[in-house]
Amino acid sequence: MTKSGWKPALPPFRKYKKDMYTKHGLTSSFVYQLGEGDMIRRQSREVPPSEILTSDTQAKIKYLKKCLLKYRRLTGMGRGIAAVQVGIPERFAVIYLPEENRKLLVIINPQIINRAGESLKFPEGCMSEGPLFAPVVRPAWTEFSYLDEQGREQMWTEKDDTLPHRIANRVFQHEIDHMDGIIFLDRAILSELTLDSDPTFYEKASFEEVLPQKTSTKK
Ligand SMILES: [Zn+2]
């Protein structure tokens, strides 16, 4: 019998995946994962404005910032985190905005006031949903009011189509969803679901304009 020249066709990016799954395992020690009790599905409660400056609330905000930075240190990814993801079912989130002066923006009790008519498709992932990516169609921007970490009223009104603002508008919507127990997989195009196995995935991703859905007219 001649020696077989057959070799198994091994999947790509093996070293990257080993490394990435290890890092993901590390982050799950402080970020709740989907299915761990009902934490990720809980409806978060409003933070009473009079409690924002209390030492407890300030300690929770500080902890959430620390968790986001730790996640970023471990994985190099992560643009936002909602308090419920670290076991605090209260309506606040921390967003990483590298282009702004203060890189970490805290939003408390956000209230959406207005949404773009135009929708965009862009892949999302989540710290609580394992190494999965899938495209989600969302309004290009939302305008919302919120309280900052000093309890002052603020507004987010950036609507331009620069990449940093498109990403920020995307992240805000993802995090506000978390406050209502909604995850990106609930809104994702699941036929395009992919595992984090390609290190260039986000380099290749771009915002795609989605035409408004016409209501079907029978011929
Ligand atoms: Zn998320």
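Evaluating Gly181 against the criteria (1) in a loop (DSSP other than H, G, I, E, B); (2) more than 16 Å from the ligand (Cβ to nearest atom); (3) closer than 28 Å to Val84 by Cα; (4) under 18 Å from the mean Cα position of the chain (by Cα) leaves one unmet condition, (2).
For region 23-33, the count of residues that are touching a Cys at 6+ places or on another chain (Cβ under 8 Å) and modelled with pLDDT of 95 or more is at least one. All told, Glu209 falls short of being in a loop (DSSP other than H, G, I, E, B) and either of a type in the set (A, V, I, L, M, F, W, C) or on the phi < 0 side of the Ramachandran plot (or both). Quick one: how many residues across region 106-122 are closer than 30 Å to Lys23 by Cα, within 16 Å of the ligand (Cβ to nearest atom) and surrounded by 20 or more Cβ atoms within 10 Å (Cβ to Cβ)? Summing the residues that are closer than 30 Å to Lys23 by Cα, within 16 Å of the ligand (Cβ to nearest atom) and surrounded by 20 or more Cβ atoms within 10 Å (Cβ to Cβ) in region 106-122 gives 1.
Determine which member of the set Lys70, Lys62, Lys18 is more than 18 Å from the chain's Cα centre (by Cα) and under 30 Å from Gly151 (Cβ atoms).
Numbers: Lys70 fails: more than 18 Å from the chain's Cα centre (by Cα); Lys18 fails: under 30 Å from Gly151 (Cβ atoms).
Of Lys70, Lys62, Lys18, the one residue that is more than 18 Å from the chain's Cα centre (by Cα) and under 30 Å from Gly151 (Cβ atoms) is Lys62.
When the residues of region 73-112 are narrowed to those that are of a type outside the set (A, V, I, L, M, F, W, C) and touching a Ser or Thr at 6+ places or on another chain (Cβ under 8 Å), which ends up farthest from Glu149 (Cα to Cα)? Give the steps one after another, and end with the answer.
Residues of region 73-112 of a type outside the set (A, V, I, L, M, F, W, C): 73, 75-76, 78-80, 85, 87, 89-91, 96, 98-103, 109-111.
Next cut, touching a Ser or Thr at 6+ places or on another chain (Cβ under 8 Å) only: 75, 85, 89-91, 110-111.
Values: Thr75: 26, Gln85: 18, Pro89: 17, Glu90: 14, Arg91: 12, Pro110: 12, Gln111: 16 Å.
The extreme case among them is Thr75.
Count of region 76-103 residues, restricted to those that are among the hydrophobic types (A, V, I, L, M, F, W, C) and more than 14 Å from the chain's Cα centre (by Cα), is 1. Within region 44-52, at least one residue is within 19 Å of the chain's Cα centre (by Cα), under 19 Å from Gly80 (Cβ atoms), touching a residue at least 60 places away in the same chain (Cβ under 8 Å) and surrounded by 12 or more Cβ atoms within 10 Å (Cβ to Cβ).
Taking Arg187 as the residue in question, decide whether it is among the charged types (D, E, K, R), surrounded by fewer than 19 Cβ atoms within 10 Å (Cβ to Cβ) and away from the ligand (no atom under 16 Å from the Cβ). Write out each step before concluding.
Details: among the charged types (D, E, K, R): yes; surrounded by fewer than 19 Cβ atoms within 10 Å (Cβ to Cβ): yes; away from the ligand (no atom under 16 Å from the Cβ): no.
Here the answer is no, as Arg187 does not meet what is asked.
Counting residues in region 150-170 that are under 12 Å from the mean Cα position of the chain (by Cα), in contact (Cβ under 8 Å) with a residue 60 or more places away in the chain and within 16 Å of the ligand (Cβ to nearest atom) gives one or more.
Exactly one residue out of Ile95, Ile40 is crowded, with 18+ Cβ neighbours inside 10 Å, within 16 Å of the ligand (Cβ to nearest atom) and assigned to a helix (DSSP H, G or I): that is Ile40. Set side by side, the residues Lys62, Lys70, Lys66, Lys17 differ, and just one is away from the ligand (no atom under 16 Å from the Cβ), surrounded by 15 or more Cβ atoms within 10 Å (Cβ to Cβ) and either in a helix (DSSP H, G or I) or at positive phi (or both), which is Lys17.
The values are calculated or read from the model by the stated rules, or taken from the named source; none is laboratory data. Just so it is clear, the model here is predicted, and its values are computed rather than measured. When we count neighbours, we look across all protein chains shown, and the Cβ atoms used for this are built from the backbone with ideal geometry, even at glycine.
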